[in-house]
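Enquirer: Handing you a structure now.
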Amino acid sequence: MNKRKIQIAVISIIAVLTLGGAFLNNKYAHVATPQQNKTQVVKKETKKDTVANFKKTAKEKKESLESEKKNESSKESSKDSSKEADTEKKIADKNVEKATSTVIESADDVQEEVANSTTNNETKNPVVEHKEEPNAPSTTPRQPEPTQPTPENKPTPEPKKEVTFSIKGTATNSSSYFISPQKVEMKEGQSVMDVLSDYCRNNGIQVGIRGGTYVAGINNLYEFAKGAESGWLYRVNGVFPSYGAAQYAVQVGDTIEWMYTENMGKDVGAPQV
């Protein structure tokens, strides 16, 4: 029984304590809670203010850094622009100096030419000073200087293309000159035969040509007229060629001689084979 009572008493005490604690907790809960809430609100507001101040400070630092960068970039650009301006100014100054020196040199050259021309004119045409008496003005007009005619530039005539031409031998005497040495015009590319043909045709002299390459007679003096060893030979510049006159090309200044022989050229100095 005693144990039972003790157990009931203990349970009752525990219940009282439990109920009393619950009562006290409910009673003072409205006091503790507002204070805690107020503390928490203050802490939150303090944190907000701290964060806001930190953000504001960071923003201000950022803006100051950006302004400093802008100032530096503007300074650099102003420096670059000032450098470019200085460079352009230097180039312009150099160009002005060059142009000025060129103008001065040109002016000096012109002045020197004018002075030279004036000196030359004074040397060529000296002016004679006439002392005039007072109150007696000169009425004689100055005579204009005569102008010298400019010589015409006449073209230089080309030298004539000529050769020296002669024919020795007649019907009565083959050793005498029929045509004495004289200058005869020739054409480019002509042969000795062409010169003989043109000369005889232009001067009315008979010439007999066989096959276009062999001269049989001139002025009616033919081969074999003075014997079996007689006929016509030609010589150029003192040499008897070994081929026909139609194959010998004439050069300007050549000396062409036609001569009649009566013994195979011995009498005119032709080489003997």
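The values are calculated or read from the model by the stated rules, or taken from the named source; none is laboratory data. All values reported here derive from a predicted model rather than from experimental measurement. No Cβ is skipped: glycine too gets one built from the backbone with ideal geometry, and neighbour counts run over all protein chains shown. Areas reflect the complete protein model, heavy atoms only, side chains present, ligands, DNA and RNA absent. Shrake-Rupley method; radii C 1.70, N 1.55, O 1.52, S 1.80 Å.
Enquirer: Among the residues of segment 151-176, how many are closer than 18 Å to Gly204 by Cβ and outside any loop (DSSP other than H, G, I, E, B)?
Expert: 3
Enquirer: Continuing with this model, one more query. Looking at Lys183, is it open to solvent by 60 Å² or more (accessible area, probe 1.4 Å), modelled with pLDDT of 95 or more and either in a strand (DSSP E or B) or not polar (S, T, N, Q) (or both)? If you could, list the steps in order and put the result at the bottom.
Expert: Numbers: open to solvent by 60 Å² or more (accessible area, probe 1.4 Å): yes; modelled with pLDDT of 95 or more: yes; either in a strand (DSSP E or B) or not polar (S, T, N, Q) (or both): yes.
When the stated conditions are applied, Lys183 passes them.
Enquirer: For segment 234-273, which residues satisfy the criterion of being open to solvent by 70 Å² or more (accessible area, probe 1.4 Å), out of contact with any Asp or Glu (no Cβ under 8 Å at 6 or more places or on another chain) and outside any strand (DSSP E or B)? Break it down into steps so the answer makes sense when it comes.
Expert: First, pick out the residues of segment 234-273 that are open to solvent by 70 Å² or more (accessible area, probe 1.4 Å): 237, 239, 242-243, 247, 251-252, 262, 264, 266-267, 271-273.
Filter once more, keeping what is out of contact with any Asp or Glu (no Cβ under 8 Å at 6 or more places or on another chain): 239, 242-243, 247, 251, 266-267, 271-273.
Once the filter is applied, which keeps residues that are open to solvent by 70 Å² or more (accessible area, probe 1.4 Å), out of contact with any Asp or Glu (no Cβ under 8 Å at 6 or more places or on another chain) and outside any strand (DSSP E or B), segment 234-273 yields Ser242, Tyr243, Gln247, Gln251, Lys266, Asp267, Pro271, Gln272, Val273.
Enquirer: Please go through segment 215-233 and pick out each residue that is in contact (Cβ under 8 Å) with a residue 24 or more places away in the chain, closer than 20 Å to Ile179 by Cβ and either part of a loop (DSSP other than H, G, I, E, B) or not small (Gly, Ala, Ser) (or both).
Expert: Residues satisfying the conditions are Val215, Ile218, Asn219, Asn220, Leu221, Ala225, Lys226, Ser230, Trp232, Leu233.
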